[in-house]
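Trainee: I'd like to ask some things about the structure below.
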Amino acid sequence: MSTRLPTGGRLIDRDTQLDFTFNGKRLRGCAGDTLASALLANDQTLLGRSFKYHRPRGLVASGAEEPNALLGLGKGSRFEPNQRATTTELFDGLTCESQNHWPSLEFDIGAVNNYASRFLPAGFYYKTFMAPRAAWKHVFEPIIRRSAGLGKAPTERDADRYEHFHTHVDVLIIGGGIAGLQAARAAAATGVSVMVVEQTAHWGGRAPVDGAEIEGQLADYWVRETVESLGKLENVRMRARTMGSGVYDHGYVLAYERVADHTPDDDRPRHRLWKIRAKQVITATGAIERPLSFAGNDIPGVMLASAVRDYVVNWGVSPGDRTVVVTNNDDAYRTAIVLKEAGLDVPAIIDARPEVSGALPEQARALGIAVHAGRGVAKVLGGKSVTAVKICAQAGEGAPVDEIPCDVIAMSGGWSPVVHLWSHCGGKLIWEAGNAHFRPNPDKAPTGHAGEVFVHAAGNANGAMTTSEVLADADAAGKAAGKAAGGKATRKAAPKAKEEPSEPMLPVWVMPQGADIKLRGKMWLDYQNDVKVSDVQLAAREGYESVEHTKRYTTLGMATDQGKLSNINGLAVLAGSLGDDIPQVGTTTFRPPYTPISMGAIAGEARAELFQPVRQTPIHTWHEAHGADWEPVGHWRRPYAFPRDGETVHDAVKREVLNTRENVGLLDASTLGKILVKGPDAGRFLDMLYTNMMSTLPVGKCRYGLMCSENGFLSDDGVVARIDEDTWLCHTTTGGADRIHAHMEDWLQCEWWDWEVYTANITEQYAQIAVVGPKARMLLEKIGGMDLGKEALPFMQWAEGELAGIPARVFRISFSGELSYEVAVPASRGLEFWIKLMMAGEEFGVMPYGTEALHIMRAEKGFIMIGDETDGTVIPQDLGLNWAISKKKDDYLGKRAQERSHMTDPDRWKLVGLETLDGSVIPDGAYAVGEGENANGQRNTIGRVTSTYFSPTLGKGIAMGLVHNGPDRTGEVIEFPTLKGGSIRARIVDPVFYDKDGEKQNV
Amino acid sequence: MSEAVSALSGASYDGIVRVADAGLQGMIQLRGNLGKAAVKNAVTGVTGVDFPAARQANVNGERGILWMSPDELLVLVPYAEATQAVETITMALKKEHHLAADVSDARVMFSLEGEGLREVLAKLTPADMSRAGLPVGEMRRTRLAQVAAGVWLESETSARVIAFRSVAHYVMGLLTHSAQPGSEVGHF
């Protein structure tokens, strides 16, 4: 059984006891425990079920590489699935539950999959769910969805808050082990700014556990001294609980800080996502031990040798009473020695190497541990926990020669450098045969925009194996990065460490090497996704040669641990099956994040009301207080209509239209773009931008204009006012303001850089209110201050003055067909002006109207709307706007494009009005059908609706649409099939339905 | 009601720094050839501060000149004087190609007061907010989360933020979120 040892545990505080629960069971741990060590201390070795076969799963590792111990953590608004017990710090009151089982962890019905495993081979999904087609939707998908996924999704809104943090640094070091710390020291000595991030709560990595001695001191001591001295340096920043998540182009690095995971409810943000710009990056990310592939290596109790050692040394927890060590290298002997020294039983060390003679093995032998050289594991015995191990000759086929009772098996297949962050930005790897691992290729490092190296690997992550190699390597990396970041080289030597002699390891990918299919079918590569040696071999037999394809076919390395344990073993097995060398097969692609990061951290502050900026006009609060039904327009919120008590939105729209046509309406038009264009060449510039002439517009007058892209397509429209001799004010659509301003600057800066023109986007400087309707003039005259009579301010002119004591610029323009004034006042007095109009307008029946009434009134007048009548494929000529295209000008943007053959094609669909025969409203976007069918057997189409409304003024459905030969077919009736079946018949008419001669707007 | 009102009517929040709507501020966008003496004289004349070097913010109370780009300045004057100042500048630059526009109402200005202001801002802007990255008195045009903003520090414990008026509530929300007690980073 696993238990807390009476002494030891360098990271725990035995005096501070913490209560927590697992599946409702009350348990107790110590401050400094991880959830994993605390569970183990309570003899909780069964922690979950595997994904496919629902096999019992216990701890394998002690850190970020753990594939099995994934738990549902917390409750309610703090529940989160798939939390790794090994990287979860214990806190008082923690609750967690195991996942992927039913009805209970101990008895799981899904485990029948285990017995059916020969019917669930590699590529099972691909082979099984191909046919019949209908079965996918109704049978397979629902079943797979129910059984897929490990954890449950949270059901409540996240109670925590999250944030981002941006910083710039010269040298960023990822990993706070001895390599990271020494690299920091070396880089800092060059005088550059340095930041070190460490994913755990502790500095020093695993050197203290492995018994390293540096400069004559135990590693723990050296780490403490170094952290302290680094902490005193002005140019060094250190941050624990912060994982380097991804390395991107231009030295951009994401790091994930778990600020308050271990102190919930203390008012701190839970996670902080660091967005770091580093000139140089050092990955000192250590190495991960590899499992060995032997039959039954997934039974709870089979663990990595280094993890067994970690639990004993770091947390004073013994994973079991009797541990058999299985290895192919010297390092695992450290585990045997640690266990023995802790008073635990190590009945045997099974070493695959035929001869074992290194210093560590000798030390183990001296402690009385039996070392079985040339041996392997034939089979692990046990169900939910290990009971014994059968050993055999590694060179043979698995005939057992002995059986050793034990409750833990500590395995070591060698060490793989963590090359993930090195690889994210294109760093290449080389195969190091001596250690049977991939390590960073220093000749093919990630490079920046100028071809300069910007990532260096250091220490174990770079393939350095002994403490002195690690320190020397890290020191060199720190110096190189410091120098590359602009620091001054120093000559201080790397610290010395006690020598750690070791004998070569022996690559072992299958144990025993001649194992038959029965054994290979019990050798797990990927614990979480249930991928076995036999699955990869089957994939190879079925023709999968690429490691990337094999990964997807077998799901090897596709679980939440992303193959940290299974990757190398899997591709070695694939290489063996293909008869290739491992470097020829290569690795799959390493992608960020290194370990999963929370969605909350990615979102940062962008949730709820901060999810997206909502632009508000100066009158927004009034609209809100008066029940506006909102419509998003770009990032703006505009009132769609102002429904009154008991009124539907549709009723409100109808009322607003009729009232505006009969009395007077107010529209908040503040969102319209307003761009000032000024300079000696401004007229010439606007003549190029608009299709019509703007240079000839007299001061004091307004002109409607169209803007096209250089491909001739209609891009924006609006009214231009000539302010003075060299100043024009261009109104754009609401959504077009920023885009058109950028368009202007683009042409000015890139093409006509020698023209003397300046532009300024002054959209938000003004609250602009349209006062519309037959009583508009009466209302404005009542509040007083300017002569707005027919003679003083005729249609399509503007005037400046004061209205109701507020500075105002009044444009006599109309988008509704009514007598209309658009009044621009300073934004900070916009609300005041609006309220004054509302109060003064009471006797005239003033009402606010929203965007839908605006749309209807413009449609009744046959005015086009950018985005309705245009969609990026429509030219002004399609819309009958030839009158707004100057024939006199040599050039304007879009002119030549509009002369292309397809643009002048008489078969282009053209704008017409549509009047339904039965008065109903044609559905938005409906197509008109013609005779015959196209090549796909579909009805031919001859036109489509672009705007369609119920017109309250006319009491019937009106529409505009683009129709083949439309204007020539006036009077014809065409047919629009509807989605519900049947069709609506409409007559082609003039698009101007209301006041064709424009008498109303010109009074 | 007959007074001009700022977008947030003086709202404020006390967290790890104090965030407040700084009220109405006269702002004039000036585009022109910044190398010309006439341009320099026009803006120093209305503000009484020295002409700024590239990327600098020379501000004295409600008057100042912010360098925005090689051909653009933001001129600060008391709100009530903005209209007059635009006319003064326009008159002074009659013979120079330029554009001067009153943008006082198009913007909102925030003040940030307190030790942690660099960190509060660093949560929202990708610009380098360290002492070396943005010294006191330097202007930075950048973004705060999803919207454009301009930032400068008057001292280590006092900063100004300018944003567009329509997103004043959003920016207030951002700064409030980032300044909540418990959000100290301890990095700069």
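The values are calculated or read from the model by the stated rules, or taken from the named source; none is laboratory data. Remember, predicted model here, so these are calculated numbers, not experimental data. Here the Cβ positions follow ideal geometry from the backbone for every residue, glycine too, while neighbour counts run over all protein chains shown. Accessible surface areas use protein heavy atoms only, side chains included; no ligands, DNA or RNA. Shrake-Rupley method; radii C 1.70, N 1.55, O 1.52, S 1.80 Å.
Trainee: Could you please find all residues in the range A:154-173 being in contact with a Leu (Cβ under 8 Å, 6 or more places away or on another chain) and away from chain B (no Cβ under 11 Å)?
Mentor: Hits for the range A:154-173: nothing passes.
Trainee: Sticking with this one: Enumerate the pairs (first residue in the range A:763-784 and away from chain B (no Cβ under 14 Å); second residue anywhere and part of a helix (DSSP H, G or I) and at pLDDT below 95) with beta-carbon separation below 8 Å, excluding pairs fewer than 6 apart on the same chain, so at least 6 apart or on different chains.
Mentor: Cβ pairs passing all conditions: A:P774/A:K1000.
To keep it simple, each residue is scored yes or no on (1) of a type in the set (S, T, N, Q); (2) surrounded by 15 or more Cβ atoms within 10 Å (Cβ to Cβ).
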| site | (1), (2) |
| --- | --- |
| A:H855 | no, yes |
| A:G867 | no, yes |
| A:G872 | no, no |
| A:I875 | no, yes |
| A:L879 | no, yes |
| A:K888 | no, no |
| A:Q898 | yes, yes |
| A:T904 | yes, no |
| A:K910 | no, yes |
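Trainee: Further question: Is one or more of the residues making up the range B:95-108 more than 9 Å from chain A (Cβ to nearest Cβ), outside any helix (DSSP H, G or I) and closer than 15 Å to B:I162 by Cα?
Mentor: Taking every residue of the range B:95-108 in turn, at least one turns out to be more than 9 Å from chain A (Cβ to nearest Cβ), outside any helix (DSSP H, G or I) and closer than 15 Å to B:I162 by Cα.
Yes/no per residue for (1) open to solvent by 10 Å² or more (accessible area, probe 1.4 Å); (2) more than 46 Å from the chain's Cα centre (by Cα):
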| site | (1), (2) |
| --- | --- |
| A:D351 | no, no |
| A:P361 | no, yes |
| A:A370 | yes, yes |
| A:V377 | no, no |
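Trainee: Among (1) open to solvent by less than 20 Å² (accessible area, probe 1.4 Å); (2) in contact with a helix residue (DSSP H, G or I) (Cβ under 9 Å, 6 or more places away or on another chain); (3) within 29 Å of A:Y333 (Cα to Cα), which single condition is A:A539 missing?
Mentor: (3)
Trainee: Separate question: Of a type in the set (G, A, S) and closer than 23 Å to A:G971 by Cβ: which single residue out of A:A897, A:A935, A:A928, A:A884 fits that description? First the steps, then the outcome.
Mentor: Values: A:A897 fails: closer than 23 Å to A:G971 by Cβ; A:A935 fails: closer than 23 Å to A:G971 by Cβ; A:A884 fails: closer than 23 Å to A:G971 by Cβ.
A:A928 is the lone residue from the list that is of a type in the set (G, A, S) and closer than 23 Å to A:G971 by Cβ.
Trainee: Now, a different point. Taking helices (runs of 4 or more DSSP H) that do not extend beyond the range A:561-658, which have at least 3 residues that are within 30 Å of A:S77 (Cα to Cα) and at pLDDT 95 or above?
Mentor: A:599-603
Trainee: Quick one: how many residues across the range A:910-961 are of a type in the set (F, W, Y) and either part of a loop (DSSP other than H, G, I, E, B) or within 18 Å of A:V992 (Cα to Cα) (or both)?
Mentor: The total comes to 2.
Trainee: Given the range A:100-212, what helices (runs of 4 or more DSSP H) lie entirely inside it while holding 1 or more residues that are modelled with pLDDT of 75 or more, aliphatic (A, V, I, L, M) and open to solvent by less than 30 Å² (accessible area, probe 1.4 Å)?
Mentor: Correct list: A:178-189.
Trainee: Additional query: Scan B:R107, B:R63 and give me the residue that is touching a Lys or Arg at 6+ places or on another chain (Cβ under 7 Å) and basic (K, R).
Mentor: On the way: B:R63 fails: touching a Lys or Arg at 6+ places or on another chain (Cβ under 7 Å).
Just a single option satisfies the conditions, and that option is B:R107.
Trainee: Another one. Of the residues that sit in the range A:586-607 and are among the hydrophobic types (A, V, I, L, M, F, W, C) and open to solvent by 60 Å² or more (accessible area, probe 1.4 Å), which one is farthest from the other protein chains (Cβ to nearest Cβ)?
Mentor: Looking at residues that are among the hydrophobic types (A, V, I, L, M, F, W, C) and open to solvent by 60 Å² or more (accessible area, probe 1.4 Å), I get A:M599.
Trainee: Turning to a different aspect of this structure: Which condition from (1) within 39 Å of the chain's Cα centre (by Cα); (2) more than 23 Å from A:G58 (Cβ to Cβ); (3) assigned to a loop (DSSP other than H, G, I, E, B) is the one that A:A539 breaks?
Mentor: Here A:A539 clears every test but (3).
Trainee: Here is a follow-up. Has the range B:11-33 got at least one residue that is open to solvent by 40 Å² or more (accessible area, probe 1.4 Å), at pLDDT 95 or above, under 30 Å from A:V677 (Cβ atoms) and out of contact with any Gly (no Cβ under 7 Å at 6 or more places or on another chain)?
Mentor: There is at least one residue in the range B:11-33 that is open to solvent by 40 Å² or more (accessible area, probe 1.4 Å), at pLDDT 95 or above, under 30 Å from A:V677 (Cβ atoms) and out of contact with any Gly (no Cβ under 7 Å at 6 or more places or on another chain).
Trainee: I'd like the residue in the range A:689-727 that is without any contact (Cβ under 8 Å) to a residue 60 or more places away in the chain, of a type in the set (S, T, Y) and part of a loop (DSSP other than H, G, I, E, B) and, out of all such residues, is surrounded by the fewest Cβ atoms within 10 Å (Cβ to Cβ).
Mentor: By that ranking, first place goes to A:T696.
Rundown of residues vs (1) crowded, with 19+ Cβ neighbours inside 10 Å; (2) away from chain A (no Cβ under 14 Å), yes/no style:
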| position | (1), (2) |
| --- | --- |
| B:A53 | no, yes |
| B:N60 | no, yes |
| B:P70 | no, no |
| B:A82 | yes, no |
| B:I89 | yes, no |
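Trainee: When the range A:213-246 is examined, which residues are found to be of a type in the set (F, W, Y) and buried (at least 24 other Cβ atoms within 10 Å of the Cβ)?
Mentor: Listed by number, the list holds a single entry, A:W222.
Trainee: Let me ask something additional. Of all residues being touching a residue at least 60 places away in the same chain (Cβ under 8 Å) and among the charged types (D, E, K, R) in the range A:479-509, which is farthest from A:G180 (Cα to Cα)? Just the residue, please.
Mentor: Ranking the candidates gives A:E503 first.
Trainee: Report whether or not B:V39 is surrounded by 17 or more Cβ atoms within 10 Å (Cβ to Cβ) and more than 14 Å from every other protein chain (Cβ to nearest Cβ). Reasoning before the result, please.
Mentor: Numbers: surrounded by 17 or more Cβ atoms within 10 Å (Cβ to Cβ): yes; more than 14 Å from every other protein chain (Cβ to nearest Cβ): no.
No.
Trainee: Can you work out which of the residues in the range A:262-297 that are part of a loop (DSSP other than H, G, I, E, B), more than 14 Å from chain B (Cβ to nearest Cβ) and not aliphatic (A, V, I, L, M) is farthest from A:I173 (Cα to Cα)?
Mentor: Looking at residues that are part of a loop (DSSP other than H, G, I, E, B), more than 14 Å from chain B (Cβ to nearest Cβ) and not aliphatic (A, V, I, L, M), I get A:G296.
Trainee: May I ask you to list the residues in the range A:521-536 that are more than 12 Å from A:G296 (Cβ to Cβ) and over 34 Å from the mean Cα position of the chain (by Cα)?
Mentor: Within the range A:521-536, A:S534 is the sole residue that qualifies.
Trainee: I would also like to ask the following. Filter the range B:119-170 for residues that are charged (D, E, K, R), open to solvent by 10 Å² or more (accessible area, probe 1.4 Å), under 19 Å from A:T167 (Cβ atoms) and within 14 Å of chain A (Cβ to nearest Cβ) and give the result.
Mentor: Once the filter is applied, which keeps residues that are charged (D, E, K, R), open to solvent by 10 Å² or more (accessible area, probe 1.4 Å), under 19 Å from A:T167 (Cβ atoms) and within 14 Å of chain A (Cβ to nearest Cβ), the range B:119-170 yields B:E119, B:D128, B:R131, B:R140, B:R143.
Trainee: Across the range A:912-929, which residue is nearest to A:L962 (Cα to Cα) among those that are more than 46 Å from the chain's Cα centre (by Cα) and open to solvent by less than 60 Å² (accessible area, probe 1.4 Å)?
Mentor: Among them, the one singled out is A:E915.
Trainee: Is it true that A:I835 is hydrophobic (A, V, I, L, M, F, W, C), open to solvent by 30 Å² or more (accessible area, probe 1.4 Å) and out of contact with any Ser or Thr (no Cβ under 8 Å at 6 or more places or on another chain)?
Mentor: Judged against the criteria, A:I835 is a match.
Trainee: Let me ask something else. Just a yes or no: is a residue in the range A:485-493 not assigned by TED's automatic domain parsing to the domain that holds A:E397 and not in a loop (DSSP other than H, G, I, E, B)?
Mentor: no
Trainee: Determine, yes or no, whether A:Y949 is closer than 27 Å to A:A853 by Cβ, open to solvent by 20 Å² or more (accessible area, probe 1.4 Å) and touching a Ser or Thr at 6+ places or on another chain (Cβ under 7 Å). Full working, then the answer.
Mentor: Values: closer than 27 Å to A:A853 by Cβ: yes; open to solvent by 20 Å² or more (accessible area, probe 1.4 Å): yes; touching a Ser or Thr at 6+ places or on another chain (Cβ under 7 Å): no.
No.
Trainee: While we're looking at this one, here's another question. When you scan the range A:631-649, how many residues do you find that are away from every other protein chain (no Cβ under 14 Å) and out of contact with any Asp or Glu (no Cβ under 9 Å at 6 or more places or on another chain)?
Mentor: Qualifying residue count, the range A:631-649: 4.
Trainee: If you don't mind, another one. Tally up the residues in the range A:247-267 that are within 23 Å of the chain's Cα centre (by Cα) and either outside the structural domain of A:I173 (by TED's automatic domain parsing) or surrounded by fewer than 20 Cβ atoms within 10 Å (Cβ to Cβ) (or both), please.
Mentor: The initial filter retains those residues of the range A:247-267 that are within 23 Å of the chain's Cα centre (by Cα), namely A:247-261.
Adding the requirement that they be either outside the structural domain of A:I173 (by TED's automatic domain parsing) or surrounded by fewer than 20 Cβ atoms within 10 Å (Cβ to Cβ) (or both) leaves A:248-250, A:252.
Qualifying residue count, the range A:247-267: 4.
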